[in-house]
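Asks: Quick one: structure below, then a few questions.
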Amino acid sequence: MSKVIQISNAQIYQQEALILKNVNLSLDETEFAYLIGRTGSGKSSLLKTLYGESTLKEGDGMVAGYNLRKLPKKEVPFLRRKIGIVFQDFQLLMDRTVIENLYFVLQATGWKNKNDIHKRALGCLQLVGVEQKANAYPHALSGGEQQRVSIARALLNQPKLILADEPTGNLDPETSAEIMQLLIAVAKEEKTAILMATHDMQMVNSFPGRIIRVENSQLIEQR
C-alpha cells in the first residue's frame, strides 16, 4: 500500500521558532489517524507544513506525491488539489451561497466546464447530505450543516488525503458524533486517508483509529 504522507527527521518551525523536532510520520493511502495533544502543542503547525502553508526547512517530506522540501510556491495549489482541508471554524465565504462556495474552489483549482462544475459540487453536497441547502447562505445554516459543507468542499477534487483541524471543536457532542461518522464513512467511500487533529478525547474513544500524540515537541505513536 502506498504512503500518502511520509515525513522523516523533520523539524517543524512556526516562523523562526522550532515547534516540533525529529518528526517521523507516515500514513497509508486509506488510513485514519488522530493527531492528539493539548492546544498549542504544535498540531496545527504540523498540518500547515503538510498542506504547504509553512515551509519544510529541515528533514524529508512527501505528501500526496509532492516533495515538501522542493515545493516552489507556484506548485502549492497543485498539492492542495490532492488534499482536502476541514477547519474548525468552517471558513466558508459568507457572501456566496453554499453551492457557490464549492464552485469557487473548483474554478480556483482549474475546472472550466460549467456543467462539470455544477455536477461535481452538487454530487459532493449529496454525499454529505446537505444538497437541499445548496442555495442557502452559510449564515442560515447550523454549525453542523456548515461543517458538512466544509467536508463537501474538501472532497471536491477527490483528494488522496483529508487534513481535519479540530473539525468538531465548535460543535455540540451530538453534532460532533454525526460529523465524525460522516467523515469516516465518506473517507471509506472515496478511499481517502484522514489525519485529524483534535483534543476531544471523547471522539477518540468513540471512534477508534490510530493515535499519534504530540508531547514535549515530539510525535509519539500511542499503542
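Asks: Name the residue that is farthest from L18 (Cα to Cα), counting only residues in the range 191-202 that are touching a residue at least 40 places away in the same chain (Cβ under 8 Å) and not in a strand (DSSP E or B).
Replies: Start the filter on the range 191-202 by keeping residues that are touching a residue at least 40 places away in the same chain (Cβ under 8 Å), which leaves 191-199, 201.
Add one more test, that the residue is not in a strand (DSSP E or B), and what stays is 191-192, 199, 201.
Working: K191: 34, T192: 30, H199: 21, M201: 26 Å.
Out of the qualifying residues, it is K191.
Asks: Sort through I179, I212 and tell me the only one that's within 26 Å of L79 (Cβ to Cβ) and free of Cβ contacts under 8 Å to residues at least 40 places away in the same chain.
Replies: Numbers: I212 fails: free of Cβ contacts under 8 Å to residues at least 40 places away in the same chain.
The unique qualifying residue is I179.
Asks: Within the range 86-136, work out how many residues are crowded, with 16+ Cβ neighbours inside 10 Å, in contact (Cβ under 8 Å) with a residue 40 or more places away in the chain and within 18 Å of Q158 (Cα to Cα).
Replies: 8
Asks: Cβ contacts < 7 Å: first residue surrounded by 13 or more Cβ atoms within 10 Å (Cβ to Cβ), restricted to the range 70-85; second residue in a helix (DSSP H, G or I) and modelled with pLDDT of 90 or more, any location; separation 6+ or different chain. Result?
Replies: Sorted first by the residue in the range 70-85, then by its partner, the pairs are L71/L79; G84/A154; G84/L155; I85/A154.
Asks: Would you confirm, using the coordinates I've provided, whether V76 is out of contact with any Lys or Arg (no Cβ under 6 Å at 6 or more places or on another chain), outside any loop (DSSP other than H, G, I, E, B) and among the aliphatic types (A, V, I, L, M)?
Replies: Judged against the criteria, V76 is a match.
Asks: Tell me which residues, restricted to the range 183-192, are surrounded by fewer than 18 Cβ atoms within 10 Å (Cβ to Cβ) and aliphatic (A, V, I, L, M).
Replies: Of the range 183-192, the ones surrounded by fewer than 18 Cβ atoms within 10 Å (Cβ to Cβ) are 184-185, 188-191.
I184, A185, listed by residue number.
Asks: Given the structure, is T109 hydroxyl-bearing (S, T, Y) and over 20 Å from the mean Cα position of the chain (by Cα)? Can you show your working first?
Replies: Values: hydroxyl-bearing (S, T, Y): yes; over 20 Å from the mean Cα position of the chain (by Cα): no.
In short, no.
Asks: Would you point out the residue of the range 21-69, among those that are free of Cβ contacts under 8 Å to residues at least 60 places away in the same chain, among the small types (G, A, S) and not in a loop (DSSP other than H, G, I, E, B), that is surrounded by the fewest Cβ atoms within 10 Å (Cβ to Cβ)?
Replies: In this case the residue turns out to be S26.
The values are calculated or read from the model by the stated rules, or taken from the named source; none is laboratory data. Bear in mind that the values here come from a model prediction, so they are computed numbers and not experimental data. Neighbour counts run over all protein chains shown; Cβ positions are idealised from the backbone, glycine included.
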